[in-house]
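Contents: one structure, followed by commentary.
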Amino acid sequence: MAGINPRLLKLAYHFIISHSAYLLIPLVFAAFAHLFQTSPQEFLQLKEYIQQNLIAVVICLAVLAVLCTVYFMSRPRPVYLVDFACYKGREENKCSRETFVARSVAANAFTEENLAFQRKILERSGLGQDTYFPDALLRVPANPSMEEARKEAEMVMFGAIDDLIAKTGIKIKDIGVLVVNCSLFNPTPSLSAMIVNHYKLRGDVASFNLGGMGCSAGLISIDLAKRLLQAQRNTYALVVSTENITLNWYFGNNRSMLVSNCLFRMGGAAILLSNHSSDKKRSKYQLIHTVRTHKGAEDRSYGCVFQEEDASGTVGVSLSKDLMSVAGDALKTNITTLGPLVLPMSEQLLFLGSLVARKLFKMNIKPYIPDFKLAFEHFCIHAGGRAVLDELEKSLQLSEWHMEPSRMTLYRFGNTSSSSLWYELAYTEAKGRIRRGDRTWQIAFGSGFKCNSAVWKALRTVDPAKEKQNPWLDEIDKFPVEVPKIVSIAA
C-alpha cells in the first residue's frame, strides 16, 4: 500500500460512489424479468381484486391525482439568467496608484503617518493601474456632494442597464420586478425610483431598494428576485448591484477606516432574470440554489464592519481586526448548508465520517474539508481584498486557475463591492471557459455579518466571439497578469 498514490485512491473512491446508482440496473432487470414470468391466471386474480375493491382503488387514484397536481402547481418555477452587463468606466475616470496617492495628498486631510499607511496598504492591495474613480474625487480639490453622488449613480447604473438592454433586446414594459442594492448611498427618491423614472418602467412594477447590506447584497438581491419570480408568472426581474463612493471616501485619520479608501472603486452590474419557460433556450444560466447566512445575532460579527463617526466627527466605515475570523465562521456556516445540496455523495460520506470520528469517538483528527472542485467548475469569490482571496484559496483548496477571475477582477477594477462577482463571471466568459452544463459558485461576504452563495448552471456554451458589452473583451488577451506581493508606488 505504501507505493499507491493517495490521490489515485481518492479518485477511485469517488468514481465508485458516484456510479453506485448503476448497481441498481441488475435489480431493475430482475424486476422486469419477474413481471414477464407472471402467469395469465395471476393477472386475472389481480383484475378480480380491483373489481371487488373498485371504490378504494378509485379513491386512491383520485388522491394520487390531487397530490400530483398540487406538487406540479407548487414546485418552484425555474429562474433563468438571460444575460448580464457590467459597467466599464471612461478613460478619464481611470485612477492609477500614483493618482490615488496624489489625490490623498491634495485632500489635505491626512497626517504624514496616515498617508504613508495608505501607500503601504495600496502597495499590497493587489489593485492595478486602471481602476476607476468618480469625477468628484479625481478633481483637485475633491468636491464630493449629493449632486456628484447622483451623477456617479446615474453614470454607473444607466451605463450597465443600457448595455443589458442592448444585449437582450428586453422591452421595458415587460420588466415586472426591479431590485437595486447600494449600501452607502441611499438618497430620496431612491435609486430604484431613479431607474423607474429614467426608463419609464410601468406603474405596477414591484420595486425594491436595498441599503446598508454590504458587499454580499448582490446575492441578496438575486435571492429576493428569485422569490418574487415565484409569485409572479411570466415576467422579468431586473437586478442592479452597485456601490457609490463619491460621498463615502473617508477624510479622516482613523486607520481602521482608511483601508476602505484604498480598496473600493467605481463599478456596477445589471442582471436580467426570467421565469418564462420559453426563455430557457436563449438564457445563459439557470439559478439552482441560493444560500444565505446571517451572523448578526453575534455582537462580534455585527460590529466587525461598522459605519460610524471617528473622534473628530468624520463619518467612515471601520473594519475590525476580527474581520477575517468572522468571515471564516460565516463561510463555515454557509458551506455547511450548501454542501449537502451540491456535493457528490462521496464527499458527503467522507465529511460525515470525519464528523462522527471526532464527535462520537473523540478521535484527534482534523475536520475533513469537502472538495468543492467536485461540485463546481468555476468559482466567483467576492474580490474584497488580497487577504480575503488568499484565505479562501487556502480554505477551499483552490488552484490559481480557479482564483484567476477573482484576482484579475481585483487587479483591473478594484473592489466594486456587490458587483465584483459579475465582473468575475464576465472574465470567465471572455476567456471562453463556460461550457454547457458547467456549474458556477458565486460567494460574497458583507457587513452584518453575512455570507451568501448562489449556484448557477450554464444552459449553453458561451462563445466570446459572439459576446458584446463585456468589459473584458477588448483587453482579455492581456490577462492573467503577474501581481507582485508588493508594488512600489512612484513618489
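The values are calculated or read from the model by the stated rules, or taken from the named source; none is laboratory data. Just so it is clear, the model here is predicted, and its values are computed rather than measured. A quick note on method: Cβ atoms are made from the backbone with ideal geometry, for glycine too, and the neighbour counts reach across all protein chains shown. Accessible surface areas use protein heavy atoms only, side chains included; no ligands, DNA or RNA. Shrake-Rupley method; radii C 1.70, N 1.55, O 1.52, S 1.80 Å.
Points worth noting:
- Residues R90 and V481, FRET efficiency given R0 of 22 Å [Cβ-Cβ distance, rounded to 0.05]: 0.50
- Separation of the K200 and K171 label points, Cα + 7 Å toward Cβ, nm: 1.4
- Over region 361-491, all Cα pairs binned in 5 Å intervals from 0 give whole-percent P(r) values of 2, 9, 19, 21, 19, 13, 8, 4, 3, 1, 1, 0, 0, listed from short to long.
- Normalised convex hull volume, region 305-398, alpha-carbon set, Å³ per residue: 136
- Charge dipole magnitude, Cβ of K and R +1, D and E -1 - the chain, Cα centre, debye nearest 20: 1120
- When the inverse distances between all different Cα atoms of region 88-136 are averaged and flipped, the Kirkwood radius reads 11.5 angstrom.
- Straight-line cross-link partners of K281 among the aspartates and glutamates, defined as a Cα under 19 Å from its Cα and at least 8 positions apart when in the same chain: D83, D174, E429, D438, D463, E467.
- Rounded accessible area per residue of the chain, 1.4 Å, Å²: 50
- When the residues V180, V356 are ordered by accessible surface, computed with a 1.4 Å probe over the protein chains alone, the sequence from largest down reads V356, V180.
- Volume per residue of the C-alpha convex hull in region 357-407, rounded to whole Å³: 98
- Each of A297, T333, M345 was placed along the dipole of region 294-346 (beta-carbon charges, centred on the mean Cα), and the one lying farthest toward the positive end is M345.
- Dipole check for region 373-455: with +1 at the C-beta of Lys and Arg, -1 at the C-beta of Asp and Glu, and the Cα centre as origin, the magnitude is about 140 Debye.
- Over region 320-364, volume per residue of the alpha carbon convex hull, in Å³: 90
- Distance cut-off 12 Å, percentage of C-alpha pairs in region 138-179 lying past it: 70
- The chain - percent relative contact order, Cα under 8 Å, separation 6 or more: 20
- Ordered from highest to lowest accessible area with the whole protein assembly present and a 1.4 Å probe, E123, E424, E154 read as E154, E123, E424.
- Overall, the accessible surface of the chain at a probe of 1.4 angstrom is composed of carbon and sulfur to the extent of 60 percent.
- If you plug the beta carbon distance of I288 and D474 into 1/(1 + (r/R0)^6) with R0 = 41 Å, you get a FRET efficiency near 0.85.
- Region 234-383 - charge dipole about Cα centre, Lys and Arg +1 at Cβ, Asp and Glu -1, debye rounded to 20: 620
- Sites E298 and V57, calculated FRET efficiency, Cβ-Cβ separation with R0 51 Å, nearest 0.05: 0.35
- Under 14 Å from the D390 label point (7 Å along Cα→beta-carbon), backbone N, region 468-491: 483-487
- Across all Cα atoms of region 141-252, the radius of gyration (one decimal) and Dmax (whole number) stand at 14.6, 51 Å.
- Counting 0.36 nm for each residue step from T188 to T336 and taking away their Cα separation leaves a gain of 49.3 nm.
- Along each principal axis, Cα extent of region 37-193, largest first, Å: 98, 39, 28
- Simple rule: put +1 on each Lys or Arg Cβ and -1 on each Asp or Glu Cβ in region 408-462, find the dipole, and look at Q442, L421, A458; the Cα lying farthest toward the positive end is A458.
- Extent along principal axes [Cα atoms of region 395-452; Å; largest to smallest]: 35, 23, 20
- Unit Cα scatterers, Debye sum, region 193-313: log10 I(q)/I(0) for q = 0.10, 0.14, 0.18 Å⁻¹: -0.46, -0.81, -1.12
- Among (i) 22.9; (ii) 32.5; (iii) 37.0, the entry that matches mean projected area of the Cα convex hull in nm² as calculated here: (ii)
- Accessible-area value, V487, 1.4 Å probe, nucleic acids and ligands omitted, Å²: 30
- Peptide packing: for 58-65, 451-458, 133-140, the average count of neighbouring Cβ atoms within 10 Å per residue gives the ranking 451-458, 133-140, 58-65, highest mean first.
- Given charges at Cβ of Lys, Arg, Asp, Glu: the chain dipole, positive-most of L273, V205, Y87: L273
- Helix axis angle, 24-36 relative to the chain longest principal axis, alpha carbon, degrees: 30
- Protection proxy ranking of 236-244, 200-208, 297-305 - average other beta-carbon atoms within 10 Å, highest first: 236-244, 297-305, 200-208
- Between Y368 and E308, the contour length at 0.36 nm per residue exceeds the alpha carbon distance by 17.6 nm.
- Listed cross-link partners K171/K450; K120/K466; K226/K431; K94/K466; K94/K295 are compared with a 31 Å cut-off, the Cα-Cα value being larger for K171/K450; K120/K466; K94/K295.
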